[in-house]
Amino acid sequence: MSGWPELPYDAWKDTLDTLHMNVQIVGKVRLSLTPLEPQWANVPLYLTTRGLTTTPMAYEGLVFAIDVDLIDHHVAIQTVDGHTRRVALTARPVADFYADFISNLGALGIKPRFRPIPDEVDNPIPFADDTAHAAYDPKWANRFWRVLSQVDLLLKAHRSRFKGRTTPVQFFWGSFALANTRYSGRPAEPPPGAGLIARLSEDAEQICAGFWPGHARFPQGAFFSYTYPKPDGIEQRAIEPAGAGWNSDLGEFALLYDDVRRSSSPEDAILTFFESSYAAGAQLRGWDPALVAESSDILRPWNNGSAS
């Protein structure tokens, strides 16, 4: 694998916020046009060699997909009959991107209906009114994509060991996180007073691992892992590698991206974190150890595709 570049939150937070809002708009189209699945499995986007994709959807019989290209920096709407419309990702207000995007969908006869307000963010601004987020530096957007593309492979290696029900590696546009979730097979009760998102996502016992680039309340990129329902005493569990541990502000395990990129083997550090934090939660919740294959069965994609 190539090196892990710097991704300091303060240096690109304005681009991050604008990109987040624009990608939420794309994600809401997928949400509105796909059947609801358990734990919101119809919501996420997926990685491609150029960015993110909705995968194929349909509107009144027209099959199409939307791709977020973080190399040439545009959003492409592509139909199965060969039509393509492109909406530029540039330094302009989210309101302008939203109007352009909806206009291009309409030109193809696609008119999705969704709540035009971002989710899972503080102080959400309706897309059509959002002139606050208008920064876009292609260099930083592409660098974020390069990091995601490496994390994607490592999450797939982590996923490959699990013999139970597990999600694909998927990008949640609400939290702006790339993640994989493993399930024990047992139901769970959502927390008291939970909103709609939590009620539908936390009705099954699960352990999730992933990466996010940071936000205003936690201004640094980090790898994360949580177990739901949260087991008693998990905060005291020691996990690997050095530097990883329970973060009381987040309420979950965290390993800072900057610590990873400075390590002798970032790839091994990330996989060790995923496996170690999973083991802590699984042991405390009494998951069947047979759900996880031997570590020797992992395909290590940074070693030329050879198993070790």
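The values are calculated or read from the model by the stated rules, or taken from the named source; none is laboratory data. Owing to the predicted nature of the structure, the values given are computational and were not obtained by experimental measurement. When we count neighbours, we look across all protein chains shown, and the Cβ atoms used for this are built from the backbone with ideal geometry, even at glycine. What goes into the accessible areas is simple: the full protein's heavy atoms, side chains included, and nothing from ligands, DNA or RNA. Shrake-Rupley method; radii C 1.70, N 1.55, O 1.52, S 1.80 Å.
How many residues are more than 16 Å from residue 58 (Cα to Cα) and assigned to a loop (DSSP other than H, G, I, E, B) if we restrict to the stretch 100-119? Summing the residues that are more than 16 Å from residue 58 (Cα to Cα) and assigned to a loop (DSSP other than H, G, I, E, B) in the stretch 100-119 gives 5.
For the stretch 218-243, the candidate set comprises residues that are open to solvent by less than 10 Å² (accessible area, probe 1.4 Å) and over 15 Å from the mean Cα position of the chain (by Cα); within that set, the residue that is nearest to residue 37 (Cα to Cα) is 231. Consider the stretch 259-291 and keep the residues that are open to solvent by 30 Å² or more (accessible area, probe 1.4 Å) and in contact with an Asp or Glu (Cβ under 8 Å, 6 or more places away or on another chain). The one that is farthest from residue 235 (Cα to Cα) is 261. Search the stretch 1-50 for residues being open to solvent by 10 Å² or more (accessible area, probe 1.4 Å) and of a type in the set (Gly, Ala, Ser), and hand back the single one that is farthest from residue 77 (Cα to Cα). The selected residue is 3. If the condition is being over 12 Å from residue 183 (Cβ atoms), buried (at least 16 other Cβ atoms within 10 Å of the Cβ) and more than 15 Å from the chain's Cα centre (by Cα), then the stretch 198-217 contributes only 200.
For the stretch 141-166, the tally of residues that are assigned to a loop (DSSP other than H, G, I, E, B) and surrounded by fewer than 18 Cβ atoms within 10 Å (Cβ to Cβ) stands at 3. The residue that is farthest from residue 149 (Cα to Cα), among those in the stretch 237-279 that are among the aromatic types (Phe, Trp, Tyr) and part of a helix (DSSP H, G or I), is 278.
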